[in-house]
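The values are calculated or read from the model by the stated rules, or taken from the named source; none is laboratory data. What you see is a predicted model; the values in this text were computed from it and never measured. No Cβ is skipped: glycine too gets one built from the backbone with ideal geometry, and neighbour counts run over all protein chains shown. When the accessible area is computed, the model is the full protein with side chains, heavy atoms only, and any ligands, DNA or RNA have been set aside. Shrake-Rupley method; radii C 1.70, N 1.55, O 1.52, S 1.80 Å.
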Amino acid sequence: MHLSGNQIRDKYIAYFRDKRGHLHLPSSSLIPDNPTLLLTSAGMVQFVPIFLGQANPTQPPRAVTAQKCARAGGKDSDIENVGRTARHHSFFEMMGNFSFGDYFKAEIIPWAWEFVTIDLGFNPKNLSVTIFGGDEQLPPDNEAFEIWHKKVGLPAERIIRMPKKDNFWGPPGPTGPCGPCSEIYYDRGPKYACSDDPTKCGIGKCECDRYLEFWNLVFMELFKNENGVYKPLAAKNIDTGLGLDRVALISQDKQNTFETDLLFPILQQVSKLSGVPYSGKKSDISNNKDLTDNTDVYLKIITDHARCITFLIADGIRMSNIGRGYVLRFITRRAARFGRLLGLKESFLYKLVPAVVSVYGGHYKEVAINQDLIQEVIKEEEERFARTIEKGINILDELIANSLKQLEGQAVFNLYSTYGFPPELTREIAEEHGKTIDIAAFEKAKEEHGEVSSVNKFNVNIVSDDYLTELNNRSGGTKFVGYDKLESDVEVLGVTSKGKVAEEIGENEEAEVILDTTPFYAESGGQLGDIGILESKEARLRVLDTKKHNQLHIHKVRIESGTLKSGQKLRAVVDNVRRQATVLHHSTAHVFHAAIRDLFGKTVMQAGSQVGPDTMRFDFTLDKQPTAADLQRIEIMMSEWIRSNLKVETNVMSLEEAKKTGAVAMFGEKYGDIVRVVRMGDFSLEFCGGTHVSNVGQIGPIKIISEGSIASGTRRIEAVAGPVAWQYILQQLSYLSNASNSLRSRPADLAAQIEKLKEQLKEKERLAQSLQEQLAMTKIPQLLSQAKPIGEYSVICSNLGTAPAEDLKSLAQELVKHESKSVVVLASAPSSDKVAIACAVDPVLVKDGINAGAIVKTMATVVGGSGGGRPDFAQAGGQIS
C-alpha cells in the first residue's frame with residue numbers, strides 16, 4: 001500500500017482517536033515547557049508532568065499526538081548524521097499514543113500490529129520486533145514475548161531479545177518512572193544490506209539500512225529509587241513513538257527519506273535554485289567526513305535544514321548567540337555554507353520556505369500563517385552571514401593550511417566573534433580536512449571575552465523532585481490569595497534548607513518555606529516574586545524572594561528572630577510599596593505590547609519580559625531597528641491610552657473559552673485548563689496570571705529609557721512607569737541643565753554644539769595622525785641601513801621603542817617596497833604591558849614559501865600572545881611579563 005506522508009499521519013490519528021478512544025491533542029511547541037530541554041525532542045515531552053505525577057492525566061487517560069520534534073542541538077543532536085544516512089534529520093514528526101494508567105501491553109501490542117499490517121498494509125513477513133532481554137537487576141520481558149508470539153502470532157525467531165541500552169527507557173533523571181520497550185523493525189530487503197553474511201548483518205548486529213526500526217513501544221511499569229532499586233509502579237503507562245519520515249520511506253519504497261513526498265519537493269527546489277541535479281546514488285559515508293564532490297549530500301543537508309528552520313521560526317525562535325536562537329543561527333549558517341559549495345552565492349534559503357509550506361501548511365497552520373515572517377527572518381540572517389562568509393572562509397582555509405593537526409582555539413573564537421562562524425561549523429570544515437580544533441582554548445577565549453551566561457542564584461529545585469511532588473500532591477498546592485489581599489494567615493507545610501528537608505531552622509539562618517496559603521506572588525510570566533514579612537509572636541522571617549514549583553509557592557526567607565518549623569502558623573505581609581511598583585511596570589508591559597503590535601503589525605511577538613519595582617524589560621520580535629520617531633510614536637500612543645483612564649478587567653475562564661476571545665498568548669508559555677485573561681480598554685487582551693492596576697490611568701507616565709538588539713530579529717526595550725518614571729525624567733532634566741550650563745548653550749542648541757565640537761576633535765586627530773605617520777617615515781633611511789643580507793635575501797629587524805602598532809604596519813609595508821627580496825620584522829611596546837609585532841614579506845619571497853603569518857605566530861608565543869594575517873603581511877600582540 002503506497003501512502004503519502006499526510007495520509008499516514010491522518011490514519012494514525014484516526015486509528016487511535018476513532019477506533020481506540022484516544023483524546024487527540026495538538027503538537028506542543030518546539031519550545032518545551034521544561035528548562036532542562038533546549039528543544040522538544042520527543043513526543044512524550046508535553047506529558048512529562050503527568051508521567052512524574054505532577055499533573056493530572058488527560059480525560060480520557062489516553063491521548064494521541066503528531067508531535068513536532070527537533071534534534072539540532074544538545075546531547076540529542078543528530079545533525080552530524082543528516083544527509084549522510086538514509087534516515088536522520090534535524091526536524092521530524094513523532095506520532096505517539098499514550099496511556100496514563102489506562103491500558104498496557106496486552107492492548108497496545110495487538111493494536112500496533114493491527115495498525116501496521118492492516119491500516120498501513122505492511123507485509124507481516126517483513127516485520128520483526130525487539131524486547132528487553134533482562135540483566136543482573138531485572139528479568140527479561142517475557143510478558144511482551146508471550147503477547148507478540150501467542151496473541152499476535154509472530155514467530156519466535158523474529159522476536160529478538162536485546163540488552164538494557166537498546167530496549168529499556170528511562171528514568172529521565174537519576175530516579176523516576178522507567179521500563180522496558182519493544183521496537184518494531186521492517187526488513188527492506190537484501191539490496192540495503194551491509195553484508196550477505198547473516199552473522200554480521202541483522203538487528204542488533206549492524207546499523208545498515210536493511211532493518212529499519214520505525215516504532216518504539218515503551219512500557220513504563222517501574223520506578224527507580226535513590227538506591228538504584230526498581231519497584232513496580234501502581235499505575236502503569238504507555239508511551240510510543242512512530243517516526244513519520246521512516247514510515248513514509250517504507251510505504252513509498254524509497255531509497256532514503258529525502259525521496260519521500262515529505263522532503264522531495266523541497267529537495268527539488270534546492271536542485272532547481274542551484275542548477276545541481278540530484279543523482280539518487282546510494283552513499284555510505286556515515287563514518288567518513290570527506291564530502292568532496294558528494295553533491296547529493298549537500299542537497300539533502302540544505303533540504304533538511306530548510307524544513308527545520310522554518311518550523312523553529314514559526315514557533316517563535318529567533319536568531320541569537322544563546323540557547324535556541326544559537327541553534328537556529330548555526331543550522332541556518334551551516335545550510336548557507338553548503339549552498340555555497342553548490343554554487344549558491346546569493347541568499348537562497350528563504351526561497352525554500354514556500355516548498356516547506358506546500359508540504360506541511362495544511363496540518364501545521366503556523367508555518368502557513370507566518371510564511372512571510374519566516375522568509376524575512378531567514379533572508380536577513382543569510383544577508384548578515386553573506387557579508388562576512390567570504391573573508392571568513394579565506395581565513396579558515398589559511399588556518400587549515402598552516403595548522404598541523406589542530407586549529408588554535410583563539411583563532412576559532414576570532415572566526416566566531418568577527419565573521420559569525422559557529423565553532424561547530426568550523427570544526428566540521430576542519431574535520432573534512434582531517435584536522436580538529438582546540439575546543440578548550442576556544443571556551444577560554446569565549447569566557448575571557450565575557451560571553452558567559454548568568455545564573456539565577458535562587459534555584460527552587462533545591463530538594464529532590466520526589467519530596468516536592470509528594471508535598472504538592474498531598475496538599476493540592478499553595479492557595480494564592482495575593483490578587484485581592486496583601487496580608488493573610490498562613491500555615492507552614494514544609495521547610496527545606498541547603499538542599500534537604502529541615503525539621504527546624506534557627507535565627508540568622510536562611511531556608512525555603514512552603515505555605516498552605518500565600519499572598520506572595522511567585523515569579524512567573526516575567527513578573528518578579530514578592531518580598532515581605534512572615535511573623536508571629538514567636539518568630540519573624542524576612543521573605544527575600546518567592547518562586548514557583550508546580551502548584552507550590554516557595555518562599556526564600558531569612559529568620560530574623562525565633563525559629564521556623566513545619567506546622568507553624570504565621571501572618572504573611574507583602575511589601576506593598578514594592579508590589580505596587582511592580583504592578584505598574586507589569587501593566588506597562590501590556591500597554592507597550594499593544595502599542596508595538598499596533599505600529600508594526602500583528603506578526604510582532606513577545607519574546608520574553610521581566611517586570612519588577614524598578615523597570616519593565618520587554619523583548620519582542622522585529623526584523624528592523626525602530627527609529628527615534630517610531631519610539632516617540634509608541635510613547636505618544638501609550639500616553640493617550642493612559643489619559644483615557646480605561647478600565648482593566650481580569651476574567652477567569654477555561655483555556656478553550658480564552659482562545660475564542662482572541663487574547664494574545666506568549667509562544668512557549670504553558671497554560672493550564674483555567675486561565676486569566678486581562679483586558680485593558682479596547683486596545684489590549686492577553687493571557688496573563690500577573691497582578692495589574694484596576695484602570696490604566698493609575699500607571700502614570702511611561703518613559704522608554706533604552707532600546708536595542710539582543711539577537712538577530714529580536715529587540716529589547718526598557719521602560720519605567722509611575723513615580724520611577726517621574727524620578728527618571730527629573731534626573732534627565734538635571735543632566736540636560738548641567739550640560740547646557742557647561743557648554744554655555746541653550747538645551748535646544750546642545751546637539752548642534754556637540755556635533756561642532758566632535759568635528760573639531762576629529763580634525764585635530766587627523767592632523768595628529770598625519771604628523772605621526774610623517775615622523776615614522778623619517779626612520780626609513782636608518783632602518784634600510786640596518787638591512788642584513790642572508791644569501792640572496794635581506795632581513796630588517798628593529799625595536800621601535802613605544803611606537804604604536806599602526807606605525808609598525810605602515811613602516812614595514814613601506815620598507816619592503818624600498819628593499820627588494822626583503823623580510824621586515826618590527827616590534828615595539830606601545831604601553832607599559834603590551835607588545836606589538838609586525839612582519840612584511842616581499843611578494844617575490846612569498847612564492848619561495850616564506851610566510852609572514854608563520855613568522856609572527858612563532859614570535860607571539862615568546863611574549864604569550866597571538867596573531868596572524870596574510871602570507872605577505874601579518875601582525876601580533878603580546879604581554880610584557
Surrounding net charge for M1, when Lys and Arg each add one and Asp and Glu each subtract one, Cβ distance under 11 Å
-1
Could you state the number of Å between the C-alpha centres of the range 584-632 and the range 680-698?
15
How much length, in nm to one decimal, is gained on full extension between A106 and K391, taken as 0.36 nm per residue of separation minus their Cα-Cα distance?
96.4 nm
Whole-Hz ³J(HN,Hα) for each residue in the range 684-690, computed from phi via Karplus 6.51 cos²θ - 1.76 cosθ + 1.60 with θ = phi - 60°, x for glycine and proline: what do you get?
9, 9, 9, 5, 6, x, x
Most packed first (mean Cβ within 10 Å per residue), the peptides 499-509, 336-346 order as 336-346, 499-509
Where the only charges are on Cβ atoms (+1 Lys, Arg; -1 Asp, Glu), what is the dipole of the range 623-737 about its Cα centre, to the nearest 20 debye?
120
Each label sits 7 Å from Cα toward the beta-carbon; between I710 and Q879 the label points are separated, in nm, by 3.4
Whenever you get a sec, line up I729, I203, I313, I439 from highest to lowest accessible area (probe 1.4 Å, protein heavy atoms).
I439, I729, I203, I313
Give me the percent relative contact order of the chain, please, defined on Cα pairs under 8 angstrom at least 6 residues apart.
6
If I compute solvent accessible area with a 1.4 Å probe over the protein chains, what percent of it on the range 824-881 is carbon and sulfur?
60
Using helices alone, what [θ] at 222 nm do you get for the chain, with -39,500 (n - 2.57) per DSSP H run of 4 or more residues, divided over all residues and rounded to the nearest 500?
-11000 deg cm²/dmol
Any idea how far the Cα center of the range 488-536 sits from the one of the range 147-161, in Å?
55
Taking a 1.4 Å probe, which of Y185, Y735 shows the most accessible area, and what order do the others take after it?
Y735, Y185
If the only charges are +1 at each Lys and Arg Cβ and -1 at each Asp and Glu Cβ, what is the size of the charge dipole of the chain around the Cα centre, to the nearest 20 debye?
840
Karplus-derived HN-Hα couplings along the range 537-549 (A = 6.51, B = -1.76, C = 1.60, θ = phi - 60°), whole Hz, x at Gly and Pro:
5, 9, 8, 9, 10, 9, 7, 8, 5, 9, 10, 10, 9
Write down, largest first, the equivalent ellipsoid semi-axes of the chain in whole Å, where each equals the square root of 5 times an eigenvalue of the alpha-carbon gyration tensor.
51, 44, 27
Length gain on complete extension for the stretch E792 to S524, per 0.36 nm per residue less the alpha carbon to alpha carbon distance?
89.0 nm
Restricting to Cα pairs below 8 Å that are 6+ residues apart, what does the relative contact order work out to for the range 337-387? Please round to a whole percent.
44
Amide H of S28 versus every other amide H placed in the peptide plane: which residues, excluding those fewer than 5 positions away on the same chain, fall under 5 Å?
K68
Computed FRET value (nearest 0.05) for C206 with Q727, which takes r as the C-beta separation and R₀ as 41 Å
0.05
Heavy atoms only, probe 1.4 angstrom, no DNA, RNA or ligands counted: give me C208, C181 ranked by accessible area, highest first.
C208, C181
Dipole check, the range 734-881, charges on Cβ (K,R +1; D,E -1), about Cα centroid: among Y793, G869, L736 the Cα furthest to the positive pole belongs to L736
Sort the following peptides by mean Cβ neighbour count (other Cβ atoms within 10 Å, averaged over residues), highest first: 694-702, 784-792, 870-878.
870-878, 694-702, 784-792
Calculated FRET value between L404 and E80, using beta carbons and R₀ = 30 Å, to 0.05:
0.80
Can you find, among G243, S770, I31, the residue farthest towards the positive end of the dipole of the chain? Put +1 on the C-beta of Lys and Arg, -1 on that of Asp and Glu.
S770
Summing +1 for each Lys or Arg and -1 for each Asp or Glu, what net charge is found among the other residues whose Cβ lies under 14 Å from the Cβ of S770?
-2
Additional length obtainable on full extension of the chain from R161 to Q137, 0.36 nm per residue less Cα span:
7.1 nm
With each label point set 7 Å from Cα along the Cα-Cβ vector, what nm distance links K569 and T661?
3.7
Please state the relative contact order of the range 512-665 as a whole percent: Cα pairs under 8 Å, 6+ residues apart?
18
Rounded to the nearest 0.05, what FRET efficiency do M653 and K758 give with R0 = 51 Å and r taken as the Cβ-Cβ distance? Could you check?
0.35
Taking 7 Å along the Cα-to-C-beta vector as the label spot, tell me the D10-H818 distance in nanometres, rounded to one decimal.
8.3
